[in-house]
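The values are calculated or read from the model by the stated rules, or taken from the named source; none is laboratory data. Here the structure is a predicted model, which is why all the values come from computation and not from measurement. Heads up, the Cβs are rebuilt from the backbone with ideal geometry, glycines too, and the neighbour counts pull from every protein chain shown. To get the accessible areas, we keep the full protein, side chains included, count just its heavy atoms, and leave off ligands, DNA and RNA. Shrake-Rupley method; radii C 1.70, N 1.55, O 1.52, S 1.80 Å.
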Amino acid sequence: MSSVPKKATEGLEPLLNKYDVYGPRYTSYPTALQFNEAFTEEDYIKQAQASNQHLVPKPLSLYIHIPFCKSLCYYCGCNKIVTHKSEAADSYLDYLFQETQLQGQHFADDRLVQQIHFGGGTPTYLAASQLREIMEVIAQNFHLGLPDTLELGIEIDPRSVTLESLTDLLNMGFNRISIGVQDFDPDVQQAINRIQSYESIKDIMDTARAKNVNSISLDIIYGLPKQTRKSFDDTLDQVIALRPDRIALYNYAHMPQRIPSQRLIHTSDLPGADEKMRIFLDSIDRLTAAGYVYIGMDHFALPDDSLATSLSDGGLQRNFQGYSTHAECDVIGLGVSAISRINESYSQNIGVLSGYKGMVDHGNLPIQKGLNLSADDTVRAGLIQELMCSGLVIFSDFNERHDVFFHHYFKPELVKLGDLADDGLLEVTEISIKVTPKGRLFLRNIAMTFDAYFTQTDLQNTEEPRYSKTI
Ligand code: SF4
């Protein structure tokens, strides 16, 4: 999929009304709402053992969750603990090290770690010396890929680093950083309680580039309070001037019933669905005109960045971090609330810190819930990945990969696609399903057609929705 041409944005109003419903983001399929406590540590170990049996050893990707933050951003739905107590992090690291050791025992020696990502919370809440210690413990318990093949990434909160601490961190070998920008407008920053300057972000990028960091990503969010088309256009001017390698343009999901801090945001300050969609469409136009490749639902990358090249080599995946490369890896999530994807399973660590510590204290992996994927889950997950990543499903290829006959397997869904095709969101032929440029704006709605867990109740329950709005 490339950019959305201008004409795709014409005549959208009726579609905005029709498709603005509550639905999953499909960072996984089945979604996290299907994870359940029947999945145990024993299930996890069996999946790891089965994965170790692959003839070609599957590489590993590690996600490390650092839950601490120094202040609360009102929009944030992450699992985090707002505190200034540095001893909280010291104690957490002791448990993280034990968990790393427990996990390492279950993966064969030929499983090389190709990707390590520190997320949060705020990973840069930790000092460089603490991050270095984590890397040492990982190296003691896993086999790391060679330095020039290992992707080492970290999310940076600009308010939590000095140029000195950043330099210490970069000296450890981080080659990918993502910086939380969200919006440069002062009124928006005030409304979300996240004040940071353009200069601070430019300084971080300049320092990283001087250290040969080869991929810098900026996170921005549309749909925030006080945002307008004009104000976001100004933010885009500044983002484009900084020329990051990647841009993640997230859709703010306002769910104050589920996320208490969002109650601090005045609903009247939020842009309406139409204005919000216009902001999104303007952003696509601006970023593609500036030379970025539009990836999946909401990511952009310079043409030579690996996220853009992975589109053609099949390495692109949609996961809990949005879009990423290294689709071939098993993912081990370490830390409170972290999610793993091992072989044919998903699992999630307990989200409460005291519970996490208790389980690790007893020598257990701190898994609270998860899911063994059924054969049907795997087929549908593969299809949803193809729709969300490339927007193209070629039936013969799909049949070969999943050992099914598409027209038979998805007979009822193919009938339902008729409505989406009539609205110009996709083209269904004898040989393929292809998402149109207009359809890219409604990828979640298209994927919902193939979701065996999504029910009419989800569509109709607007009082206590389980998902965010698709637009
Ligand atoms: S957005 Fe980041 S820094 Fe802000 S509260 Fe959430 S996790 Fe913490």
Zone reached by a paramagnetic label modelled 7 Å from ALA108 Cα along Cα→Cβ, restricted to the range 128-153 with backbone N below 16 Å, covers 143
Full extension between ASP233 and ALA50 adds, at 0.36 nm per residue less the Cα distance, a length in nm of 60.9 nm
Partner lysines whose C-alpha sits under 29 Å from that of LYS18, ignoring same-chain residues fewer than 8 away, are LYS6, LYS7, LYS226, LYS230, LYS276, LYS411, LYS416, LYS434, LYS438, LYS469
Summing -39500 (n - 2.57) over every DSSP H run of at least 4 in the chain, dividing by its residue total and rounding to the nearest 500, the 222 nm mean residue ellipticity is -11500 deg cm²/dmol
Rounded to the nearest 5, the percent of antiparallel DSSP beta bridges in the chain equals 45 percent
extent check for the chain: Cα max minus min per principal axis, descending, whole Å, gives 57, 52, 44
The answer for the range 183-272, accessible area per residue at 1.4 Å probe in Å², is 44 Å²
Probe 1.4 Å, heavy atoms of protein chains only: per residue, the accessible area of the range 24-161 in Å² is 43 Å²
The range 346-377 and the range 61-83 have their Cα centres apart by a whole-number Å value of 18 Å
For the chain, the accessible surface attributable to carbon and sulfur atoms (probe 1.4 angstrom, ligands and nucleic acids excluded) amounts in percent to 51 percent
Taking only the alpha-carbon positions of the range 37-133 as identical scatterers, the Debye log10 I(q)/I(0) at q = 0.10, 0.13, 0.16, 0.20 Å⁻¹ comes out as -0.37, -0.60, -0.84, -1.07
